[in-house]
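In what follows, a single structure is set out as structure tokens and then discussed.
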Amino acid sequence: RATMKSLRFLSAEAFVSNAEFARKSLNTVAHNLFPLLFKASYLLEQGEVIHDLVENWPLVDFNMGKLLGPTVDYQEDLSHRTCSVCLESCLTGLRDYVLNYSSPYMKKLKVVDLTGIKDVEVQFCECKKTMGRWARTQLLSKLCLELLVYLQQAQRNPGTFEISIDVLIDLFVTERNYELVVHALLKKCSCPLKICCVAFRSDNLTLQKFFYIIKLTDPSLLRKLEIVHNVRLEMEHLEILFNSTHFPLLMSLTLPARTFNVQRFTATDEQMLTNIGEKMGEMTQLTELCMSFSILTGRIQKLLSPLKTPLKMLDVSNCSLNHADMAYLANSFHANHLESLDLSGHDIPELYPSTFFKLLSHSSSVLRSLTLEDCNIQDTHVNMLILGLSPCQKLHEFKFVGNPLSSQALKHLFTFLCELPILKNVEFPVPRDCYPIGTTYPIDDATLCRFDHQKYESVAEELNLILLQANREDVKASTPLFGSYDAAVQETNNELGAYLIKSFKETLEKFTTSFSKMS
């Protein structure tokens with residue numbers, strides 16, 4: 001669906017489409033037109049014009065989210081276009097803004113905010129080459145260090161060193177870019193471009209490196225902390241982190257798999273868990289918590305009850321929750337505020353159906369995203385599920401792959417889903433009748449793809465027809481067999497794969513050594 005452009009925006013497109021003319025004429029352009037020209041250049045992927053606009057930016061702030069988001073002149077949101085040509089031009093333009101020979105007192109720029117860029121699966125830019133969060137972290141760190149070298153080597157105006165621009169960014173650090181980012185953070189005081197880490201994600205890092213770099217990011221500014229793949233953070237390390245580091249602005253926390261395992265708890269561990277809960281209680285801004293693939297049976301209340309601010313997002317998928325945990329969630333003050341909830345990997349119909357529906361009822365007025373993957377939801381539970389979902393009129397996303405539902409049950413469910421007014425994304429399972437008779441759930445990876453693909457395509461077509469006939473072509477329905485799209489994993493999958501192979505090899509070597517000693 002084409003978005004209307006104002007005459008001003010059409011004029012801006014015409015102006016920047018001739019890159020050579022636009023670049024020569026920039027010094028005659030009114031300062032208040034720079035944002036308009038930037039968005040037009042970004043839409044047309046005019047890298048050279050973007051570079052020069054940023055190099056000569058006349059305003060106090062440069063906010064990517066606002067510049068590329070919906071504007072009066074062009075409503076289309078371009079912030080999900082992580083076009084490599086545009087972003088590289090933008091960042092090199094920022095470096096050259098500092099190096100530009102014009103007098104420093106003419107320079108007004110104080111804050112650059114890169115946090116509004118959204119990484120998505122489908123890119124609409126013509127070059128089809130994206131620059132993800134990891135690559136943006138890499139490039140900005142590299143440019144900051146290059147800038148220091150330029151300034152030291154060349155006889156620049158001494159006033160250049162007085163330029164100080166805060167660059168707000170979501171950093172993504174792995175083993176491969178660790179040294180470069182550390183170097184850039186250590187030199188932050190001397191560099192005119194000050195890296196200000198607002199969100200931090202780490203994958204494939206040793207604990208020692210993680211603890212070192214987290215201190216360098218200035219945790220007092222962090223709003224989001226994600227410790228995800230291959231960072232072996234366990235409960236005792238988390239306690240050390242919270243005891244040694246203060247996160248006053250932290251709003252979102254993601255912990256790696258197996259951070260907690262209550263199956264092997266001692267009295268000391270119970271105290272440690274209490275301490276961690278109390279430390280999280282001191283984080284008065286914390287509203288998003290992801291603790292998937294930990295074993296938390298019977299301990300949810302101990303962790304969450306000290307929180308003073310209600311959670312808006314909770315991911316406790318595959319955490320072996322029991323009835324007491326679900327009862328606490330359903331009756332806690334968090335329930336009425338949950339906008340996003342993931343309870344995947346729990347046998348909801350068998351373990352706590354009524355308590356779950358009570359939780360759903362309490363969160364129904366605000367719930368936007370619900371994930372119930374591998375929850376043993378069967379055909380006999382569909383009517384009850386529909387009843388529970390009916391009040392969830394703000395539901396935007398519903399994911400329920402991995403459940404043993406027949407194609408008939410899915411059609412019944414889809415007919416209901418058409419009635420949810422702002423639903424946009426549905427992830428549904430391969431129907432049970434597409435798999436060989438006798439297939440057991442949850443389905444293992446080896447069996448996952450062994451279904452009747454032709455029959456699945458036919459059912460998927462029928463489900464989309466139900467949406468179409470209800471005038472709901474705005475709803476995207478899909479079956480991601482191996483989980484939802486993760487931009488960070490997609491960008492670093494080669495490194496992740498290499499790390500997993502190395503880890504497997506080390507485990508195998510340890511096993512062989514132990515076996516040899518026993519022999």
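The values are calculated or read from the model by the stated rules, or taken from the named source; none is laboratory data. The structure displayed is predicted, hence computed values, not measured ones. Heads up, the Cβs are rebuilt from the backbone with ideal geometry, glycines too, and the neighbour counts pull from every protein chain shown. Quick note on the areas: whole protein, heavy atoms, side chains included, nothing else; ligands and nucleic acids left out. Shrake-Rupley method; radii C 1.70, N 1.55, O 1.52, S 1.80 Å.
One residue is enough: does segment 420-442 have a residue meeting the conditions touching a Ser or Thr at 6+ places or on another chain (Cβ under 8 Å), surrounded by 15 or more Cβ atoms within 10 Å (Cβ to Cβ) and among the basic types (Lys, Arg)? Yes, there is a match, as at least one residue in segment 420-442 is touching a Ser or Thr at 6+ places or on another chain (Cβ under 8 Å), surrounded by 15 or more Cβ atoms within 10 Å (Cβ to Cβ) and among the basic types (Lys, Arg).
On the basis of being open to solvent by 10 Å² or more (accessible area, probe 1.4 Å), more than 27 Å from Met235 (Cβ to Cβ) and touching a residue at least 24 places away in the same chain (Cβ under 8 Å), does Glu397 make the cut? Full working, then the answer.
Numbers: open to solvent by 10 Å² or more (accessible area, probe 1.4 Å): yes; more than 27 Å from Met235 (Cβ to Cβ): yes; touching a residue at least 24 places away in the same chain (Cβ under 8 Å): yes.
Considered against the rule, which asks whether it is open to solvent by 10 Å² or more (accessible area, probe 1.4 Å), more than 27 Å from Met235 (Cβ to Cβ) and touching a residue at least 24 places away in the same chain (Cβ under 8 Å), Glu397 comes out as yes.
Residue-level check: of (1) part of a strand (DSSP E or B); (2) open to solvent by 40 Å² or more (accessible area, probe 1.4 Å), Phe62 misses just (2). Please go through segment 80-116 and pick out each residue that is open to solvent by 10 Å² or more (accessible area, probe 1.4 Å), closer than 20 Å to Glu55 by Cα, part of a loop (DSSP other than H, G, I, E, B) and not small (Gly, Ala, Ser). Asn100, Tyr101, Lys107, Lys108, Lys110, Leu114, Thr115 - these are the residues of segment 80-116 that are open to solvent by 10 Å² or more (accessible area, probe 1.4 Å), closer than 20 Å to Glu55 by Cα, part of a loop (DSSP other than H, G, I, E, B) and not small (Gly, Ala, Ser).
Based on what the data block shows, is Ser332 more than 24 Å from Gly483 (Cα to Cα), at pLDDT 95 or above, crowded, with 16+ Cβ neighbours inside 10 Å and in contact with a helix residue (DSSP H, G or I) (Cβ under 8 Å, 6 or more places away or on another chain)? Reasoning before the result, please.
Working: more than 24 Å from Gly483 (Cα to Cα): yes; at pLDDT 95 or above: yes; crowded, with 16+ Cβ neighbours inside 10 Å: yes; in contact with a helix residue (DSSP H, G or I) (Cβ under 8 Å, 6 or more places away or on another chain): yes.
Criteria met by Ser332.
Which members of segment 297-319 meet the condition of being of a type in the set (Ser, Thr, Tyr) and free of Cβ contacts under 8 Å to residues at least 40 places away in the same chain? Spell out how you get there, then give the answer.
Initial filter on segment 297-319 (of a type in the set (Ser, Thr, Tyr)): 297, 305, 309, 317.
Thr297, Ser305, Thr309 - these are the residues of segment 297-319 that are of a type in the set (Ser, Thr, Tyr) and free of Cβ contacts under 8 Å to residues at least 40 places away in the same chain.
Answer yes or no: is there a residue in segment 72-79 that is touching a Pro at 6+ places or on another chain (Cβ under 9 Å) and either at pLDDT below 95 or in a loop (DSSP other than H, G, I, E, B) (or both). So far as segment 72-79 goes, yes, one or more of its residues are touching a Pro at 6+ places or on another chain (Cβ under 9 Å) and either at pLDDT below 95 or in a loop (DSSP other than H, G, I, E, B) (or both).
Against the test of being free of Cβ contacts under 8 Å to residues at least 12 places away in the same chain, within 28 Å of Ile165 (Cα to Cα) and not small (Gly, Ala, Ser), the options Asn63, Asn32 yield a single qualifying residue, Asn32.
Restricting segment 401-417 to residues that are in contact (Cβ under 8 Å) with a residue 40 or more places away in the chain and closer than 23 Å to Gly345 by Cα, the residue that is farthest from the chain's Cα centre (by Cα) is Ser407.
For (1) surrounded by fewer than 18 Cβ atoms within 10 Å (Cβ to Cβ); (2) in a helix (DSSP H, G or I); (3) of a type in the set (Gly, Ala, Ser); (4) not assigned by the TED database to the domain that holds Lys66, each residue gets a yes or a no:
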site: Ser11; (1), (2), (3), (4): yes, yes, yes, no
site: Glu20; (1), (2), (3), (4): yes, yes, no, no
site: Lys24; (1), (2), (3), (4): yes, yes, no, no
site: Leu36; (1), (2), (3), (4): no, yes, no, no
site: Ala40; (1), (2), (3), (4): no, yes, yes, no
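Note on segment 308-327: among residues that are of a type in the set (A, V, I, L, M) and over 28 Å from Asn230 (Cβ atoms), the one that is most open to solvent (accessible area, probe 1.4 Å) is Ala324. When the criteria are applied in full, Gly402 meets the requirement of being in contact with an Asp or Glu (Cβ under 7 Å, 6 or more places away or on another chain), small (Gly, Ala, Ser) and surrounded by 12 or more Cβ atoms within 10 Å (Cβ to Cβ).
Across segment 470-505, what is the number of residues that are at pLDDT below 60 and open to solvent by less than 100 Å² (accessible area, probe 1.4 Å)?
From segment 470-505, those at pLDDT below 60 are 499-501, 503-505; that's our starting set.
Add one more test, that the residue is open to solvent by less than 100 Å² (accessible area, probe 1.4 Å), and what stays is 499-500, 503.
Looking only at that region, the number is 3.
Here Ser364 clears all of (1) open to solvent by 20 Å² or more (accessible area, probe 1.4 Å); (2) under 29 Å from the mean Cα position of the chain (by Cα) except the condition numbered (1). Cβ-Cβ distances below 9 Å connect the following pairs, each with a first residue in segment 249-275 that is touching a residue at least 24 places away in the same chain (Cβ under 8 Å), a second residue that is hydrophobic (A, V, I, L, M, F, W, C) and open to solvent by 70 Å² or more (accessible area, probe 1.4 Å), and a separation of six or more residues or different chains: Pro256/Phe293; Ala257/Phe293; Arg258/Phe293; Thr259/Phe293.
Answer yes or no as to whether Leu180 is open to solvent by 10 Å² or more (accessible area, probe 1.4 Å), not charged (D, E, K, R) and not assigned by the TED database to the domain that holds Ser41.
Details: open to solvent by 10 Å² or more (accessible area, probe 1.4 Å): yes; not charged (D, E, K, R): yes; not assigned by the TED database to the domain that holds Ser41: yes.
Criteria met by Leu180.
How many residues, within segment 46-59, are assigned to a loop (DSSP other than H, G, I, E, B) and of a type outside the set (Phe, Trp, Tyr)?
Here the count works out to 4.
Per-residue answers, yes or no, for (1) at pLDDT below 95; (2) touching a Ser or Thr at 6+ places or on another chain (Cβ under 7 Å); (3) open to solvent by 70 Å² or more (accessible area, probe 1.4 Å); (4) within 21 Å of His183 (Cα to Cα):
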position	(1), (2), (3), (4)
Leu207	no, no, no, yes
Ile214	no, yes, no, yes
His237	no, no, no, no
Arg258	yes, yes, yes, no
Gln263	yes, no, yes, no
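Screening segment 294-395 for strands (runs of 3 or more DSSP E) wholly inside it with 3 or more residues that are not charged (D, E, K, R) returns the ranges 369-371. Restricting attention to segment 25-44, the residues being under 16 Å from Gly93 (Cα atoms) and over 36 Å from the mean Cα position of the chain (by Cα) number 2. Pairs linking a residue in segment 323-335 that is more than 11 Å from Gln301 (Cα to Cα) to a residue that is buried (at least 22 other Cβ atoms within 10 Å of the Cβ) and modelled with pLDDT under 95, with Cβ atoms under 8 Å and 6 or more positions apart or on different chains, are His323/Tyr352.
Quick check on segment 50-64. Is at least one of its residues over 22 Å from the mean Cα position of the chain (by Cα) and farther than 28 Å from Leu148 by Cβ?
As a first pass, look at segment 50-64 and keep what is over 22 Å from the mean Cα position of the chain (by Cα): 50-62.
Next, from what is left, pick out any that are farther than 28 Å from Leu148 by Cβ: none.
Among the residues of segment 50-64, not one is over 22 Å from the mean Cα position of the chain (by Cα) and farther than 28 Å from Leu148 by Cβ, which makes the answer no.
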